[in-house]
Amino acid sequence: MSEKRSKLEFNKLQKRLRRNVGKAIMDYSMIEEGDKIMVCLSGGKDSYTLLDILMNLQKSAPIKFDLIAVNLDQKQPGFPEEVLPNYLSTLDIPYEIIEEDTYSVVKRVIPEGKTTCGLCSRLRRGVIYGWAEQNGITKIALGHHRDDMIETLFLNMFFGGSMKSMPPKLKSDDGKHIVIRPLAYCKEKDIAQFAQEKQYPIIPCNLCGSQENLQRQNIKMMLQDWDRKYPGRIETIFKAMSNVAPSHLADTELYDFTGLSQDELTQKSGGDMLFDSPTFSPVELEDDETDAPQQSIQFVNIG
């Protein structure tokens, strides 16, 4: 690929990412006038990209908001402590490196060979929330993208028995913090390509990201397989996450199933019983209930 064409393709990629981030911010009212936003920087491709795009949007945004990049040094053995400070010092942005030895806690509590991600993330969240409260942070920006959100949806369905994911905007359980995910509309492969072009100094996560046989990795493989075999399926799944019909699920907390009665149905139909219609058939109902084209769904072995 020629240098001119390569530059053109990168510009298109950059514009697409910025457009998607801008749309997510608008759709979910993520950023408001006067916000002080803490951008959590892990050293991975996602958080580098998030910081880059937010800094760019900050220059042209119609409102004023402040950014501060924050990294939590969890004292993992071999963690290159100089990488992020060296990188951040080249940017026109304030930053903070928080040092907290959560690694030792995780290794002490979790048996060898077991998944450490859950405890690690809870400890990390506690440190970040505490620092945000002490420093007047109004929004906490995380680098989770569209694929993270879809993977989490399937993880919760397959292993947690719940239909939930990572929302683009979230209030913490204690009600003190608002978490935003501006990359919610961005594809991971776009972010990976962008990070490669920008040549960010990537820091691998040796505590949890390198563990083998994690269920998230299996879900990721399943989705990548679907994306290859059925182009457009991932986009449809993500669209479904914002097009929920509680009356067509089974959660009695979201929909008043007990309040439905035959008398109400009879009144709404003008006196005719629901199943007296001569045009009704089970086959027609089944077809009508399914908007998407019928496809055979193949699962990879997820253990």
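The values are calculated or read from the model by the stated rules, or taken from the named source; none is laboratory data. These numbers were taken from a predicted model, which means no experiment stands behind them. In this analysis, Cβ positions are derived from the backbone assuming ideal geometry, glycine residues included, and neighbour counts consider all displayed protein chains.
Just to be sure I understand, how many residues within the stretch 99-115 are crowded, with 17+ Cβ neighbours inside 10 Å and not in a helix (DSSP H, G or I)?
Going through the stretch 99-115 one residue at a time, the tally reaches 1.
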Checklist entry - Within the set of pairs 6+ apart or on separate chains, which have a first residue in the stretch 146-161 that is touching a residue at least 40 places away in the same chain (Cβ under 8 Å) and of a type in the set (Asp, Glu), a second that is assigned to a helix (DSSP H, G or I) and surrounded by 19 or more Cβ atoms within 10 Å (Cβ to Cβ), and C-beta atoms under 6 Å apart? => result Asp147/Glu188; Glu151/Ile219
Item to check | Selection from the stretch 69-86 of residues that are in contact with a Pro (Cβ under 8 Å, 6 or more places away or on another chain) and either small (Gly, Ala, Ser) or farther than 28 Å from Thr116 by Cα (or both) | outcome: Ala69, Asn86
Checklist entry - When you go through Glu81, Glu96, Glu33 one by one, which is the residue that is closer than 20 Å to Val179 by Cβ, part of a loop (DSSP other than H, G, I, E, B) and without any contact (Cβ under 8 Å) to a residue 60 or more places away in the chain? => result Glu33
Item to check | Positions within the stretch 84-138 being hydrophobic (A, V, I, L, M, F, W, C), in contact with a helix residue (DSSP H, G or I) (Cβ under 9 Å, 6 or more places away or on another chain) and under 26 Å from Arg216 (Cβ atoms), in sequence order | outcome: Ile98, Val105, Val106, Val109, Ile110, Cys117, Leu119, Cys120, Leu123, Val127
Checklist entry - Mind checking which residues of the stretch 1-28 are under 16 Å from the mean Cα position of the chain (by Cα) and not in a helix (DSSP H, G or I)? => result Tyr28
Checklist outcome for this item: Of the residues in the stretch 36-75 that are hydroxyl-bearing (Ser, Thr, Tyr) and outside any loop (DSSP other than H, G, I, E, B), the one that is farthest from Lys139 (Cα to Cα) is Ser60
Item to check | Pair list, Cβ < 8 Å and 6+ apart or interchain, from the stretch 1-28 residues that are among the charged types (D, E, K, R) to residues that are in a helix (DSSP H, G or I) | outcome: Arg16/Asp190; Arg18/Ile53; Arg18/Asn56; Arg18/Leu57
Next on the checklist: Could you tell me how many of the residues in the stretch 185-199 are touching a His at 6+ places or on another chain (Cβ under 7 Å) and closer than 15 Å to Ala141 by Cα?
Outcome noted: 1
Item to check | Thr236 being farther than 30 Å from Phe65 by Cβ, of a type outside the set (A, V, I, L, M, F, W, C) and at pLDDT 95 or above | outcome: yes
